[in-house]
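Every number here is computed from the coordinates shown, using simple stated rules; none is lab data. Quick caveat, the model's predicted, so the values are computed rather than measured. Note: ideal-geometry Cβ built from the backbone for every residue, glycine included; neighbour counts use all protein chains shown.
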Amino acid sequence: LAPAPAGLPRRAYGSRSAQHRGLLFRQLFEGESFTYTYLLADAKTKEAVLIDPVLETAQRDTTLVKQLGLNLLYAVNTHCHADHITGTGLLKQLLPGCRSVISRDSGASADVLIGEGSTLQFGAFALEVRSTPGHTDGCLTYVLTDHSMAFTGDALLIRGCGRTDFQQGSPESLYRSVHEKIFTLPGDCLVYPAHDYTGQTVSTVEEERTLNPRLTLPLEAFMELMNNLNLPKPKQIDFAVPANLKCGVQDVAV
């Protein structure tokens, strides 16, 4: 790796360093909505979780889980998405025993409703749950309990953040969520967002709290910026949100 710029930690890109700790990690991508799906598993016990699956790639994810001999305990959403339909409902059909998970503040249905302070255990590993509303009321960030990896959903993106102009969005809430719940993690904690539109895959807490052009602004300037983005609404919002409130399309034929 090339030396990191002064003041910034060197990125220990996830999969290799994770393997040294006995954590199996895969970052997967869905190209239509630019969504990242994350598979984490205990390499010894084979218990696994999948974060932010997409309906169209649920079969791909199922195949990978089976190829690796994993037992998928949880299919987890960071929030009720507006730009794609979650794959959790279909995954429950394809992988019996898998349970869907979402924030209790999202208004959505799932097998397990969680919130601030909850944990999701898989083998010797666990994800701690941090409530990070602002993009939506029900946004969660999942942090590996050793604070080496954070899955930030749409709350914190690489050099950006989720929009705040629909689904109970609030610029002030988002700003406080990121600064209080994510930027307080160790600087070398790897940041894995739900989306990226520029080809980047991972960042760090230190990079984002020093280089993120939105979230390094003062609160008032951030609110002014977010309130005047004037973005078009997501193409799939009219059918994605109703489906995701029901844990995705659970009656899809397998």
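Among L217, C189, Q168, whose Cα projects farthest towards the positive end of the dipole of the stretch 167-245, with charges put on the beta-carbon of Lys, Arg (+1) and Asp, Glu (-1)?
Q168
Remind me, relative contact order of the stretch 18-81 in percent, using alpha carbon pairs under 8 angstrom and six or more residues apart?
Working: 97 pairs, mean separation 16.8, N = 64.
Computed value for the stretch 18-81: 26 percent relative contact order.
Can you tell which of L127, L95, L215 shows the greatest fluctuation in a Gaussian network model of the chain with Cα springs below 10 Å?
In this elastic network of the chain, the residue with the biggest mean-square fluctuation among L127, L95, L215 is L95.
Would you work out the charge dipole size for the stretch 152-254 about its Cα centre, treating the Cβ of every Lys and Arg as +1 and the Cβ of every Asp and Glu as -1, and quote it to the nearest 20 debye? Can you show the working numbers first?
Values: 9 positive and 13 negative charges, 43 e Å.
The dipole magnitude comes to about 200 debye.
Which of the listed residues, S103, A124, L156, is farthest toward the dipole's positive end in the stretch 100-178, when Lys, Arg count +1 and Asp, Glu count -1 at the beta-carbon?
L156
For the chain, with only Lys/Arg (+1) and Asp/Glu (-1) charged at the beta-carbon, what is the dipole magnitude about the Cα centre, in debye rounded to 20?
Working: 22 positive and 27 negative charges, 138 e Å.
In total the dipole reaches around 660 debye.
Just Y38, Y197, Y175 to compare: in a GNM of the chain, with alpha carbon springs under 10 Å, which one fluctuates most?
So, out of Y38, Y197, Y175, the one fluctuating most is Y197.
HN-Hα J couplings of the stretch 225-236 from phi, Karplus 6.51/-1.76/1.60, θ = phi - 60°, integer Hz, Gly and Pro as x?
For the stretch 225-236, the Karplus-derived couplings read 4, 5, 6, 10, 6, 6, 7, x, 6, x, 4, 9 Hz, x marking Gly and Pro.
Please give the FRET efficiency for T201 paired with N71, using the beta carbon to beta carbon distance and R0 = 22 Å, rounded to the nearest 0.05. All intermediate terms of the calculation are to be shown ahead of the outcome.
Values: r = 26 Å, r/R0 = 1.20.
It comes to 0.25.
For the stretch 137-196 and the stretch 41-62, write down the distance between their C-alpha centroids in whole Å.
Taking the Cα centre of each part, the stretch 137-196 and the stretch 41-62 sit 21 Å apart.
Report the relative contact order of the chain, percent, no decimals, based on alpha-carbon pairs under 8 angstrom and at least 6 residues apart. Write out the running numbers ahead of the final one.
Numbers: 568 pairs, mean separation 48.9, N = 254.
Over the chain, the number comes to 19 percent.
When the chain is treated as a GNM, springs tying every alpha-carbon pair under 10 Å, which of S103, S118, S203 comes out with the largest mean-square fluctuation?
Most flexible of the set in this elastic network: S118.
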